[in-house]
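Below you'll find the structure, written out as structure tokens, and then a few comments.
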Amino acid sequence: MSQDVRDINGRLLLTKGKAVDREQIRLLKMWGVAEVDVQGPIESAAAPLDGQNPKRKAIEGALVRMLQNVDTEHPAIVTIIKSAIEYRFQHNFMLGFEDPKRLSPDFRFDLHRAVQTQIRFSEIQLPESPQIVTQFNEVAANPRSSGNDLAEVVNTSPSLAAILLKIANSAIFGFPSRIDTVSRAVALLGTREVGSLIMGISVMRLFSNIPKDLVDMSTFMRHSLACGLLSRIMAARLNRPNTEQMFVAGLLHDIGRLVWYRYFPEQAGLCLELARKTGLSLYEIETECSGINHEQIAAQLLDKWKLPETLTDCIVYHHRPSRCPDPTGPGIVQMADLAVNALGLGHSGEHAVPHFDARVWNRLNLSPNALKISIGQTIEQMDIMGTPHWGLAE
């Protein structure tokens, strides 16, 4: 090394003059280091891509199709495509798309009319905020409460506590020793951070009875968790305050879609069918066929729960960040959602990524290399964490 290397929090990782090998490069990526200055030759961390490999070409073609609504020549999108090709190739993870079929205008009109009719005679019964979140906030608001008091609330749900500790021990928080109790998590992360994590995890667990023929909740939650991790990593790299909110925003970005799946399964099934048959984005079809999309449903739900506006905006505007008073947060979540869809880390029901707001992303000024490292760090953490048991049946 030609100089000391520190992570995004200023922690010393490698001292000047130390030799760098492949394993250290892997660890530096995991800790979020995008670039370092070195002297002398260095071993390549990855083999060059073979652009002529048939499997790579097939993956690339499917990704371009998934990203048909965005500018695939934009530097950030190029970075995502390259990362996704490499990840899917290494894991033998192909994309399974149907050939889009052109549907008659009558079919689309009939579907539109069917969905509108069903919604007209139904009411969205938005769920209440999870009870454990209310209890945690009440205890946290008491000045006499301790970390042990807060831990007692969380520990009433063993699966919630297990997920919390798994996330707290990920490298995105960067603690050198293992966090093995909830009370220690509260002491090290802080009440606000733990409260945000609990809220995000608990909200996802509300939707346990969604029909599996609509969406597999384990893959939906894997997609959501990856979005949360990547959102937080990018927010920290951009020195954005309240990065714990960015994790929750990424985790809950599709919460409105879960309301669709749970309370309107027939309408959701029709929209999913149309998305599969046409290759159009599910987000566009929601609006066209029902007059309301999952962002708008999320706005109603989050308003009912009286969540902070800074968090709500990141969720409600993640497909339209330029319409938000502060587009930074929604822009980060939009990029995380796009990247995670391309990588195939879980699935939310979307087959064609909606449009990408390049103007907002360009203003964030995160370099393609920093984006690539952030994606790599997310993959590392998802591989380490696996698929958490969310305790859906608890």
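When you filter the trypsin sites (Lys or Arg not before Pro) in the stretch 302-394 for DSSP loop state and at most 15 other Cβ atoms inside 10 Å of their Cβ, you are left with K306. Of the GluC sites (Glu not before Pro) found in the stretch 53-97, the ones in coil according to DSSP and having at most 12 other Cβ atoms within 10 Å of their Cβ are E73. Its Cα gyration tensor gives the stretch 173-268 an equivalent ellipsoid. The semi-axes, each the square root of 5 times an eigenvalue, are 29, 15, 11 Å from largest down. Between rounded, prolate and oblate, where does the stretch 286-394 land on the alpha carbon gyration tensor, with a ≥ b ≥ c its root eigenvalues, rounded for a/c under 1.5, else prolate if a/b exceeds b/c? Cα axes put the stretch 286-394 in the oblate bin. Please state the shape class of the stretch 335-388: rounded when a/c is under 1.5, otherwise prolate if a/b exceeds b/c and oblate if not, all from the C-alpha gyration tensor. It is oblate, given that a/c is not under 1.5 and a/b is not larger than b/c. Put the Cα centre of the stretch 252-306 next to the Cα centre of the stretch 153-210 and the gap is 28 Å. Each label was represented as a point 7 Å from its Cα along the Cα-to-Cβ direction; for E266 and V78 these points are 5.0 nm apart. First measure r as the distance between the Cβ atoms of R144 and D303, then evaluate 1/(1 + (r/R0)^6) with R0 = 30 Å and state the FRET efficiency to the nearest 0.05. The pair R144/D303 has a calculated efficiency of 0.40. Among 62-71, 134-143, sorting by the average number of other beta carbon atoms lying within 10 angstrom of each residue, highest first, gives 62-71, 134-143.
The modelled label-to-label distance for the pair D213/T310, using points 7 Å beyond Cα in the direction of Cβ, is 4.5 nm. What a 1.4 Å probe finds exposed on the stretch 141-219 is 48% carbon and sulfur by accessible area, rounded to a whole percent. Hey, got a sec? Which trypsin sites (Lys or Arg not before Pro) in the stretch 177-250 land in a DSSP loop and have at most 10 other Cβ atoms within 10 Å? Qualifying residues, ordered by number: R178, K212. Based on alpha-carbon atoms, the Kirkwood radius and the radius of gyration of the stretch 139-219 give Rg/Rh equal to 1.04. Between A162 and A58, take the C-beta separation as r, use R0 = 41 Å, and let me know the FRET efficiency to the nearest 0.05. E between A162 and A58, to the nearest 0.05, is 0.60.
The values are calculated or read from the model by the stated rules, or taken from the named source; none is laboratory data. This structure is a prediction, so every number in the text was calculated from the model and none was measured. Neighbour counts are summed over all protein chains in view; Cβ atoms, including those assigned to glycine, are modelled from backbone coordinates with ideal geometry. In case anyone asks, the SASA skips ligands and DNA or RNA and just uses the protein heavy atoms, side chains included. Shrake-Rupley method; radii C 1.70, N 1.55, O 1.52, S 1.80 Å.
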